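The structure under discussion appears below in the form of structure tokens.
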Amino acid sequence: MTVRTRFAPSPTGYLHIGGVRTALFNWLLAKQAGGQFILRIDDTDAKRNVAEALQPILDGFRWLGIDWDEGPTDDGADSVGPQGPYFQSQRLERYQQAAIQLLESGLAYRDYSGADFVKEREAAEKAKTNFVYSRNWMAESDEQAAAFEAEGRTAVVRLKMPREGKCEFTDLIRGEQSYDWELEPDHVIQRADGTCLYHLANVVDDHDFQITHVVRAVEHLSNTPRQIFIAQSLGYQLPQYAHLPYVAEPGSKKKLSKRNIDKYLHNKDFKRLYQAGVAIGERIGIQPDPSTFNPVLVDFYRDIGFLPDAVVNYLLLLGWSLDDKTEFFSKDEMLQQFSLERVVKAAASFDAQKLTAFQQHYMDQLPVKQKVNRCLKFLQSADLASTPPDCDLGTYLQTIIVAAGDRICMAGDILKFDFFFVDDEKLVFEEKPFQKRMVKPEGAGELLSQFADALQNLPDDQCDAEQLEAFVNTFCESASIGLGDIIHALRVATTGKAAGFGMFETMAILGKQRCLNRIGLALTKLQTIVAN
RNA sequence: GGCCCCUUCGUCUAGCGGUCUAGGACUCCGCCCUUUCACGGCGGCAACACGGGUUCGAGUCCCGUAGGGGUCACCA
């Protein structure tokens, strides 16, 4: 039997990190068995522009390398696959057929209760008793229906649920499950206007698409009995069920939700990641709106230069493990090793710091050329392209990336080192360090000026990091000062910042002329400040 | 509230009755390396929710208790 799994997002405009994990597990289960992974769009209730709200979700999956065998086309405008369409909004007829079949077999009925149903339910809630619908407005014959209609009532279709016995099924993760049928109310499966609801559509589609394994989050566990009822009533063969734990909030066990971003921002690690993202985002024109750009959403990671494999690897280990030590998995290894048996039952909190650690690891492993390509995109987006004379941007960038080592965790971090890529006259000297290192220390300007004169005479072919270091040391000796007396001012003057990587390396990369230019600009600025 | 689920270091987890004075990873803290930072190396802090059983023996099985969570729509 071919394993077929599915993930069924609603077109909401964003791809949630918890959803990705569910999709990933589905994908792994199908692909490791040589089966198919299907993307189905649950838009039965969507009144918005589906294509537009679907696009970010499709893009997200493509970026992560979670490819679907059947489902919407990449632009979300159409479907590909033998059982299409894969949009629920386009499958209404199928659901209606199923509703008729249920009606005809007496396992569903037309219900004319309207608001009376709610009244009964509320009364039961008030009395603190289990609610069992009286079925007073149930119409099982056309005569009954006509009578209710004469009262001006309209009908929905409800499931005629069993009122005794148990629903038993096996969950691949949670084992044997048993639910009392009497606790299941008569769910509505079709509205008065003929449109159908989730449970019906879901079961019909899973059957039509020949889904063999329904792998979804636990919040659906309690939906399973009614779906089993529908499937059995329709004569469908039941799929296997597996209910994953949900992904929880940072530092708590509550379900992670895009609605509570403000709350997560109080979490130290989450906030740090978010702020790192915002710092990058604002340089490349992303609105710092936490409702559309935050670490719960997959776009966030792509936008700031995470590696998709890092995100996937992290998510794999959120609720699953192979053993007591293996941390890193390539896609192939995941496909080889994944199994539902090893899925953890408890909810797992989202940990921004650990995700970042995975990113750091994957970035370290990435060949330099690829790092260059990724960082280059951010420079271009931020409109940064200034290089030393006779040096092309790619080569220059590579030098910087090598020197930066692991200081570039996500590709967008290259923007922290923007001073390498701005024209000298556009270099911004940060106020605080400039005050501290240039303005405040007595004679700093004078010293720097002398240094510039000396540097001017240093032959161009002696400007690598090592020789520069020797040169600076010699200068310090002759001026009878310590290295610390000049190096800080020198850093601020050449980079505008208080911190960076090795000073001599930085100077070597910038080149002598640009260092001189910048020192000159810093001295001019200093004079202006002193004059005022 | 009803029903259901879950419970090992701060976090992700290993553990399927003895090999557990509970292992790994992230974080944190030391030390080493490095003229600085980062990396790296070494080391450290830190957990079986509680109470009863069962058993020669329980983190591991059973039952309670507590806590946490999910779900109870003409949403999906």
Inset, instruction - Determine which member of the set A:R94, A:R110 is basic (K, R), more than 10 Å from RNA strand B (Cβ to nearest atom) and under 19 Å from A:D208 (Cβ atoms). - result: A:R94
Legend entry - Scope segment A:253-268; condition without any contact (Cβ under 8 Å) to a residue 40 or more places away in the chain, in a loop (DSSP other than H, G, I, E, B) and within 9 Å of RNA strand B (Cβ to nearest atom); matching residues: A:K254, A:S257
Legend entry - Identity of the residue in segment A:361-372, exposed (fewer than 15 other Cβ atoms within 10 Å of the Cβ) and of a type outside the set (A, V, I, L, M, F, W, C), that ends up nearest to A:Q513 (Cα to Cα): A:K369
Legend entry - Candidate set: segment A:337-360, residues that are part of a helix (DSSP H, G or I) and among the basic types (K, R); chosen: the one nearest to RNA strand B (Cβ to nearest atom): A:K354
Inset, instruction - Would you please name the residue that is modelled with the lowest pLDDT, looking only at residues in segment A:280-314 that are more than 16 Å from RNA strand B (Cβ to nearest atom) and polar (S, T, N, Q)? - result: A:S291
Inset, instruction - Can you confirm whether segment A:4-12 contains a residue that is more than 16 Å from RNA strand B (Cβ to nearest atom) and either surrounded by 19 or more Cβ atoms within 10 Å (Cβ to Cβ) or not in a helix (DSSP H, G or I) (or both)? - result: yes
Inset, instruction - Output the residues belonging to segment A:268-307 that are more than 25 Å from A:I66 (Cα to Cα) and of a type in the set (D, E, K, R). - result: A:K268, A:D269, A:K271, A:R272, A:E282, A:R283, A:D289
Legend entry - So A:L200, is it in contact with a Phe, Trp or Tyr (Cβ under 8 Å, 6 or more places away or on another chain), under 21 Å from A:L340 (Cα atoms), not acidic (D, E) and not in a strand (DSSP E or B): no
Inset, instruction - Answer yes or no: is there a residue in segment A:381-397 that is touching a strand residue (DSSP E or B) at 6+ places or on another chain (Cβ under 6 Å) and in contact (Cβ under 8 Å) with a residue 24 or more places away in the chain. - result: no
Legend entry - Residue list for segment A:174-189, filter: near RNA strand B (Cβ under 8 Å from one of its atoms) and either under 30 Å from A:V118 (Cα atoms) or in contact with a helix residue (DSSP H, G or I) (Cβ under 9 Å, 6 or more places away or on another chain) (or both): A:R174, A:Q177, A:S178, A:Y179, A:D180, A:L183, A:P185, A:H187, A:V188
Legend entry - segment A:104-127 - residue that is surrounded by 18 or more Cβ atoms within 10 Å (Cβ to Cβ) and either of a type in the set (A, V, I, L, M) or within 41 Å of the chain's Cα centre (by Cα) (or both) and, of those, nearest to A:A145 (Cα to Cα): A:A108
Inset, instruction - Tell me, please, whether a residue that is assigned to a loop (DSSP other than H, G, I, E, B) and touching a Lys or Arg at 6+ places or on another chain (Cβ under 6 Å) can be found in segment A:47-64. - result: no
Inset, instruction - Determine whether segment A:224-232 contains at least one residue that is within 8 Å of RNA strand B (Cβ to nearest atom) and outside any strand (DSSP E or B). - result: no
Legend entry - segment A:472-521 - residue that is closer than 22 Å to A:R407 by Cβ and among the hydroxyl-bearing types (S, T, Y) and, of those, nearest to RNA strand B (Cβ to nearest atom): A:T506
Inset, instruction - Would you mind finding the one in A:L200, A:L273, A:L238 that is surrounded by fewer than 18 Cβ atoms within 10 Å (Cβ to Cβ), touching a helix residue (DSSP H, G or I) at 6+ places or on another chain (Cβ under 7 Å) and among the aliphatic types (A, V, I, L, M)? - result: A:L238
Legend entry - Residues that are surrounded by fewer than 17 Cβ atoms within 10 Å (Cβ to Cβ), more than 30 Å from A:Q240 (Cα to Cα) and more than 11 Å from RNA strand B (Cβ to nearest atom), drawn from segment A:145-173: A:A146, A:A147, A:E149, A:A150, A:E151, A:G152
Inset, instruction - For A:A30, state whether it is within 27 Å of A:N260 (Cβ to Cβ) and either within 12 Å of RNA strand B (Cβ to nearest atom) or surrounded by 24 or more Cβ atoms within 10 Å (Cβ to Cβ) (or both). - result: no
Inset, instruction - Could you tell me whether any residue of segment A:315-323 is within 16 Å of RNA strand B (Cβ to nearest atom) and closer than 19 Å to A:Y14 by Cβ? - result: yes
Inset, instruction - Tell me, yes or no, whether segment A:420-441 has at least one residue that is away from RNA strand B (no atom under 16 Å from the Cβ), in a helix (DSSP H, G or I), in contact with a Cys (Cβ under 7 Å, 6 or more places away or on another chain) and free of Cβ contacts under 8 Å to residues at least 40 places away in the same chain. - result: no
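The values are calculated or read from the model by the stated rules, or taken from the named source; none is laboratory data. The structure presented is a predicted model; accordingly, all values stated were derived computationally and were not measured. A quick note on method: Cβ atoms are made from the backbone with ideal geometry, for glycine too, and the neighbour counts reach across all protein chains shown.
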